[in-house]
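Okay, so here's the structure we're looking at.
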Amino acid sequence: MRLLITSAIFFTYLVMIWGGAVRSTDSGLACPSWPLCYGDFKLPEETSAKLEMGHRTVSGLAGLFVLFTFIYVWKSFKGLPRLTSALALLFTASAALTGMKMITSEAPTLKYVSHMLLESFHIYESMLILGFLILTYRLIYNPEPLKGEIPLWAYGFALATMITGVLVRYTGSGEACGHEWPTCAGALIPDLSNWQIALQFSHRNIAYITWLAFLLNLIFNRSRTALYAFILINLQFVFAVSMVLTGFFLPIVFLDTASGFFLFAWLTYHLNLKSEQPALKEAWR
């Protein structure tokens, strides 16, 4: 039943990047009711409404696959896979309720701090679902240590970058520094009295530290996995900088979203799940 868990992971990832497209095109409120678009099953005419309704449909499919995965794991395995699959299902249910709340409270307008926090929390829920599904797959089908696993300290920096990046996007702070890089609001160290500039500036600096963390991991843990991780980090960096410099050109925003969630999934799968971490490798593995 490997295909079942793989499908749950795939559809969850698809939901996340589709949701990014909905956000980027301001289609979040194109369907005024929930769970149906206009209270019926009729396909809406507006493109934005079709985009939002498609997102809800794919979300429903992802939820079913997560549920079936949970049932399969609990019938077939013991230990940690049960816990991770249960957490994936728990956050799937939570995400559905959060999605309903977002529509009924018109959160996509981002008028209030509560809207911003609700939208950000919804993304964090999706990341948790994807992360727990990937851990379930790893624990079942590849429980032994992987070659060149990602150390927890490097993973933590990457996660901090993603968390602050979500806050930047869903608090409307993406353009707080202007369309410039590496400067922010015309300076290397801008006036941080504006909270949006402070948030964007903090996110950028955490990203720089993350880049250094994965460079150090590559130097001291000379493995193919460390190399691939560093390449993916650099690719994400290129998309993020290009997004800022182009004034958030929609195709680049989509690529940044898709690559960011893929990076999260890849790092989670290759995470060192044990406390021991080799300090130095003698050669590339």
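The values are calculated or read from the model by the stated rules, or taken from the named source; none is laboratory data. Small disclaimer: the values here were computed from a predicted structure and weren't measured. Counting neighbours? That spans all protein chains shown, and the Cβs are built from the backbone with ideal geometry, glycine included. Each accessible area value is taken on the protein alone, full model and side chains, heavy atoms only, with ligands, DNA and RNA left out. Shrake-Rupley method; radii C 1.70, N 1.55, O 1.52, S 1.80 Å.
The figures follow:
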read-out: 1.4 Å probe accessible area per residue over the chain, in Å²; value: 51 Å²
read-out: Positive-pole candidate from Thr92, Ser24, Pro251, dipole of the chain, charges at beta carbon; value: Thr92
read-out: Dimensionless Rg ratio for the range 31-139, taking C-alpha atoms and the 2.2 N^0.38 Å reference; value: 1.21
read-out: Computed accessible area, Ile5, all protein chains, 1.4 angstrom probe, square angstrom; value: 0 Å²
read-out: Sequence-distant residues sharing a close amide H with Ile150 (under 5 Å, placed H); value: Leu271, Asn272
read-out: From phi via Karplus (6.51, -1.76, 1.60), per-residue ³J(HN,Hα) for the range 30-37 in Hz, x at Gly/Pro; value: 5, 9, x, 10, 9, x, 7, 6
read-out: The chain - percent relative contact order, Cα under 8 Å, separation 6 or more; value: 20 percent
read-out: Neighbour cut-off at most 11 other Cβ (10 Å), DSSP loop, chymotrypsin sites (Phe, Trp or Tyr not before Pro), the range 1-97; value: Phe41
read-out: Accessible-area ranking of Ser173, Ser105, largest first, probe 1.4 Å; value: Ser105, Ser173
read-out: The range 1-102: GluC sites (Glu not before Pro) in DSSP coil with no more than 13 other Cβ atoms inside 10 Å; value: Glu45, Glu46
read-out: Mean ellipticity per residue at 222 nm, deg cm²/dmol - from DSSP H runs of n ≥ 4 across the chain, formula -39500 (n - 2.57); value: -24000 deg cm²/dmol
read-out: Accessible area in the full protein assembly, largest first, 1.4 Å probe, for Leu3, Leu227; value: Leu3, Leu227
read-out: Percent of Cα pairs exceeding the 27 Å cut-off, where the set is the range 52-206; value: 41 percent
read-out: HN-Hα J in Hz across the range 100-108 - Karplus 6.51, -1.76, 1.60, θ = phi - 60°, x for Gly and Pro; value: 4, 5, 4, 6, 5, 9, 6, 4, x
read-out: Cβ charges +1 (Lys, Arg) and -1 (Asp, Glu), total dipole of the range 1-135, debye; value: 620 debye
read-out: Cleavage-rule hits, trypsin sites (Lys or Arg not before Pro), the range 110-177, DSSP coil, Cβ neighbours within 10 Å at most 14; value: Lys111, Lys147
read-out: Between the range 172-227 and the range 116-160, the Cα center-to-center distance that results, in Å; value: 21 Å
read-out: Stretchable slack from Trp34 to Thr246, in nm (0.36 nm times residue separation minus alpha-carbon distance); value: 72.8 nm
read-out: R0 of 35 Å, Cβ-Cβ distance Ala160-Glu106: FRET efficiency to nearest 0.05; value: 0.70
read-out: Residue (of Tyr137, Gly60, Ser48) at the positive-pole extreme of the range 35-157, dipole from beta-carbon charges; value: Tyr137
read-out: Gain upon complete extension [Trp153, Phe220; 0.36 nm per residue less C-alpha separation]; value: 22.8 nm
read-out: Karplus-derived 3J(HN,Hα), 6.51/-1.76/1.60, for each residue of the range 201-207, Hz, glycine and proline x; value: 5, 5, 4, 4, 5, 5, 5
read-out: Carbon + sulfur, % of accessible area of the chain - ligands and nucleic acids excluded, 1.4 Å; value: 71 percent
read-out: Where labels lie 7 Å past Cα in the beta-carbon direction, separation of Ile209 and Phe10 in nm; value: 3.8 nm
